[in-house]
Amino acid sequence: MEWATMRRTQFAAAIEADAVVVVPVASIEQHAGHLPIDTDSQTCFEIARRAAQATQEFPVLVLPPVWTGYSPHHMKFPGSITLEFKTFLDVLTQVARSIAHHGFRKILFLNGHGGNTPVVSGLRTKLAEEDGVGAVGINYWDLPGVPEAMRRICPVDGGSVGHAGETETSLQLALRPELVDAANARWIPGASGDARAASAEKGRALLDAIVPALVAYLRSYHDGTLEKTFDWTEKVSR
Ligand SMILES: [Zn+2]
C-alpha cells in the first residue's frame, strides 16, 4: 500500500495490524551520461513497492521516497541536489517522528544512495535512544543474500552497486528502459563501474533477488527476529 494514496480512514487498521512502514531514501544526482538523475529514488521506491505487494501476512506501507539526500560530492555535475548532512538527518528524524506519532512502531528506512549510508545506518540507535522511535535502516544492496546475488549477476563490477555502472544501469534497463540513453552507456567521470556490461536481463535477475530479500527482511522485522539481533547477548550469533 502506498502511504501517499491512502485515505485518513485507512490508517487505523494498518496501525492495529502492526504495519511496517517503509521509507525509501535516495537522491537526485547525476548518473553519468546515460541514466536519469532520479535513478536512486526510483529504483529504491520500486523495490519497496514490489516487496510491499509481495508481503501478504501484514500490511507494509510505502512512503513516497525522500527524494533528496546527501550528495555534496555530486554537485560538480549538473542536475544534482543535496541537503547538508545535519539537515538530512533532521529530515529523516522528523519523518520518522511523524510516522511514530500516529502509532506505527516499525519503520524501515530503505536506502538507495551510497552517500546516505552513514546517516541511514545510524538511524536505528539515534531514533531509539534520542527520540523513542522504533526504526531500522539498510541499503537495498546490503539486504541478506543480495551481495552474493549481485556478485553472481553483475560480475564485471564485482557485485558493487557502483554508480551508473553495471548494476544500476541494469536495474534501470529493467525498470525504465525508455529513460536510458543506451548509446551513451559507459564510464565517464562521476560514474563508477562499467555500464557497457549492463542488460535488462541482469536487471530483472537483480530484482528477482532483491525484492524477495526485502520481503524476508520485512518479515523478520515484523516478527521480532531482526530486533533480537541487536540485543546484547552472551553468545555472538554467526
Ligand atoms: Zn545511483
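The values are calculated or read from the model by the stated rules, or taken from the named source; none is laboratory data. Since we're looking at a predicted model, the values are computed, not measured. Cβ placement follows ideal geometry from the backbone for every residue including glycine, while neighbour counts extend to all protein chains displayed. Ligands, DNA and RNA are excluded from the accessible area calculation, which covers all protein heavy atoms including side chains. Shrake-Rupley method; radii C 1.70, N 1.55, O 1.52, S 1.80 Å.
Annotations
- For the chain, the number of Lys pairs with C-alpha atoms closer than 20 Å, counting only pairs eight or more positions apart or on separate chains, is 4.
- 1.4 Å probe accessible area per residue over the range 3-224, in Å²: 43 Å²
- Using only side-chain charges placed at the Cβ, +1 for Lys and Arg and -1 for Asp and Glu, the dipole size of the chain relative to its Cα centre rounds to 120 debye.
- Taking amide H as placed 1.01 Å from N in the peptide plane, the amide H of Asn139 sits under 5 Å from that of Asn111, each at least 5 places away or on another chain.
- Percent accessible area from carbon and sulfur atoms, the chain, protein chains only, probe 1.4 Å: 55 percent
- Heavy-atom accessible area with a 1.4 Å probe sorts Trp187, Trp3, Trp232, largest first, into Trp232, Trp187, Trp3.
- Label point of Phe85 set 7 angstrom out along Cα-Cβ; within the range 100-128, amide nitrogens under 15 Å from it belong to 115-123.
- The Cβ shell under 9 Å around Ala197 holds other residues with a net charge of -1, Lys and Arg each +1, Asp and Glu each -1.
- Couplings 3J(HN,Hα) for the range 43-51, derived from phi with the Karplus relation 6.51 cos²θ - 1.76 cosθ + 1.60 (θ = phi - 60°), are 4, 5, 4, 5, 4, 5, 4, 5, 5 Hz, where x marks Gly and Pro.
- Size descriptor, Kirkwood hydrodynamic radius, that averages inverse alpha-carbon separations across the range 168-232, Å: 14.0 Å
- Part-to-part distance (alpha-carbon centres) for the range 143-176 and the range 29-97, which is given in Å: 17 Å
- Each residue of the range 55-69 was assigned a 3J(HN,Hα) from its phi angle through the Karplus curve 6.51 cos²θ - 1.76 cosθ + 1.60 (θ = phi - 60°); the sequence is 9, 9, 6, 8, x, 10, 9, 10, 6, x, x, 6, 7, 10, x Hz, with glycine and proline shown as x.
- For the chain, the Kirkwood radius over C-alpha pairs fed into Stokes-Einstein at 37 °C and 0.692 mPa s yields D = 180 µm² per second.
- Taking the range 3-224 and dividing mean pair separation by its residue count, relative contact order in percent (alpha carbons under 8 Å, at least six apart): 23 percent
- Scoring 61-67, 195-201 by mean Cβ neighbours within 10 Å over their residues and listing the highest first yields 61-67, 195-201.
- Amide H contacts of Val22 (H built 1.01 Å from N, in plane; Pro and chain starts excluded): Leu61, Val62, Leu63, Leu108 sit under 5 Å, all sequence-distant by 5 or more or on other chains.
- Percent of Cα pairs exceeding the 15 Å cut-off, where the set is the range 22-70: 46 percent
- Residue-wise HN-Hα coupling along the range 24-40, computed from phi with Karplus coefficients 6.51, -1.76, 1.60 (Hz; x: Gly, Pro): x, 10, 8, 7, 10, 7, 3, 10, 6, x, 10, 10, x, 5, 9, 3, 5
- The range 55-121, relative contact order in percent, only Cα pairs under 8 angstrom and at least six apart counted: 28 percent
- As a size descriptor, the averaged projected area of the C-alpha convex hull of the range 117-238 was calculated at 9.5 nm².
- The range 9-150: Rg to Rh, with Rh as the Kirkwood radius over Cα pairs: 0.98
- The amide H of Ser71, built 1.01 Å from its N in the peptide plane, has Leu83 as neighbours under 5 Å, considering only residues 5 or more places off or on other chains.
- Expressed to the nearest 5 percent, the antiparallel share of DSSP beta bridges inside the chain is 15 percent.
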